[in-house]
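> Please find one structure pasted underneath; my questions will follow.
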Amino acid sequence: MSSQQLIECVPNFSEGVDMDIIKQITDAIESVPQVKLLDVDPGKATNRTVVTFVGPPQPVIEAAYLAIKTASQLIDMSQHKGEHPRMGATDVCPLIPIANITMEETVKYAHQLGRRVGEELHIPIYFYESAAKTPQRQNLAVIRSGEYEGFAKKIKQPEWAPDHGPSELNIKAGATVIGARDFLVAYNINLNTTSVRRANSIAFDIRENGRVKREGNPISGKIVRDAEGNAERVPGLLKSVKAIGWYIEEYGVAQISMNLTDINVTSLHEAFDTTESCAIKRGLRVTGSELVGLVPKKVLLDAGKYFLKKQQRSVGISESEIIKIAVKSLGLDELAPFDARKKVIEYLLEDAAASPLIQMDLRQFANETASESPAPGGGSIAAYVGALGASLGTMVANLSAHKRGWDDRWEEFSTVAEEGQHLKDRLLDLVDKDTEAFNGIMTAIRMPKGSDDEKALRKAALITATKNAIDIPHQVMQTSFDCYEFLNQMAEKGNPASVSDAGVGALCVHAAIHGAYLNVLINCADFSEKDYVDMMISKSKALLTQSEAKQKAILATVEKVITS
């Protein structure tokens, strides 16, 4: 799905208790081809469920329409009670651009959805955020003010006529806000108190909108107003953050519920640390936190690296370990077990079938290689051996970062380890890419060749597949060669007790380069495009020659350190 347009839809439904109703709504979403349901997050206290799904724009719009229709049939807002502000059975339905699509294009899809819902389901529709048609309607909280109970009167006011649908409240379904926005992280921070008032005090400290400015006493003092009579405000500490305090009976604690509306401005870990500091000043303590819905992987990786750096530890560790640090540091597992595979968008979109080799354990991989199947073959093995070489160099860097007496050098080695992790991951990716390239040639060979048109298509497919089968092992060579720089650093400056590991890493890298070179040669054999063949063989031969020299130099350094 890498080249196609993708948008995410995160509708909030005013039902968090009746799982049968929730299931009927999500079944409607999943009935649409090409749409993938990523997450269903019901909350009993809020009586609200956040659903996340993703796909190409038009299927997502169809799935959103069916979900809103189903919710309007099953949820009766006249009977609804819950802690969270709400105004409709489908309370809010934002669209978020994820891949290969602009915000402007996403806005058009939001308008398309809102028009259809208003006209066909007779539900008042309001557009917000980037889809808002007037500046006054950009803020969701402003639109939702008064909630369901006050909307029958509010909708009659000329300034609150809906963007689509009837100008009277749909008693059963309420009203719905549809929008287009950047990625938003819904995040709750747990406190060691049951006091909503104290939780709100911290929320006012941190949220961008801050609190109303008062004379003298900040709680009971007279409100300070400007020349137009509007209340002045004291800004909070964090930009792009909305927050309120509430008590969650299900957990028995007060929380600060926040929306991080731009994680490039205020990150998850910054929100956590700032909240913790404000809580301590008010005699409270943060005990953990909770993610509502999904997050991009970067959010947790950035948090994990932030806390590792605070501990003066290397950030050049595996992705899973970085995320583990983030989960523990943020207390994301305090209220319930936290499974990153179910909360990170990229993990949910991963297709294990697309990378079958690196999903295997060591024995399975060896058995598959030893089988009668021609793939995986030498190209995939070369990539994997290169990944092992990168891993060994990275290990030396991490051991050096934690060596007693070298505390002032941890950042130096952390930088090296981070580069090693990047190269290792790239080589692991090439393990499957090489097998895919071989399979691509086989697919092209099997194409029909009965007519002249079929022959022409088959020839073109073979040329493309063969070039790819030559390029992939060359990428293995180049990526493996890039490992020499940090392997040499580790041989010269790394922990002397682990210098032999740097040497073995260099041996692995050279084996990978030589093995991949053989694959370049064999895939170039008998290929008709001579200029391309000559270029690739020349570039690959030069890398192999340089590799021999690099390997010898590193091994000489390793032996010198060991024997000195």
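The values are calculated or read from the model by the stated rules, or taken from the named source; none is laboratory data. None of the values given here were measured: they were computed from a predicted structure. Cβ: placed from backbone, ideal geometry, glycine included. Neighbour counts: every protein chain shown.
> Which residues, taken from segment 162-184, are part of a strand (DSSP E or B) and either among the polar types (S, T, N, Q) or over 15 Å from Leu95 (Cβ atoms) (or both)?
Residues satisfying the conditions are His164, Asn170, Gly174, Thr176.
So that you can scan it fast, the table gives a plain yes or no per residue for (1) of a type in the set (S, T, N, Q); (2) in contact with a helix residue (DSSP H, G or I) (Cβ under 8 Å, 6 or more places away or on another chain); (3) outside the structural domain of Pro85 (by TED's automatic domain parsing):
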position	(1), (2), (3)
Ile223	no, no, yes
Ile244	no, yes, yes
Asn259	yes, no, yes
Leu291	no, yes, yes
Leu294	no, yes, yes
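> So which strands (runs of 3 or more DSSP E) are wholly in segment 1-72 and hold at least 2 residues that are touching an Asp or Glu at 6+ places or on another chain (Cβ under 9 Å) and in contact (Cβ under 8 Å) with a residue 12 or more places away in the chain?
In segment 1-72, 36-43, 48-55 are the strands (runs of 3 or more DSSP E) which contain 2 or more residues that are touching an Asp or Glu at 6+ places or on another chain (Cβ under 9 Å) and in contact (Cβ under 8 Å) with a residue 12 or more places away in the chain.
> If a residue has to be surrounded by fewer than 22 Cβ atoms within 10 Å (Cβ to Cβ) and farther than 19 Å from Gln255 by Cα to count, how many in segment 286-305 make the cut?
So the count comes out to 6.
> Restricting to segment 185-208, count the residues that are buried (at least 17 other Cβ atoms within 10 Å of the Cβ) and outside any loop (DSSP other than H, G, I, E, B).
So the answer is 16.
> Assuming His84 fulfils every condition listed in (1) under 24 Å from Ile155 (Cα atoms); (2) of a type outside the set (D, E, K, R); (3) at pLDDT 95 or above apart from one, which condition is it?
Only one criterion is unmet by His84, namely (3).
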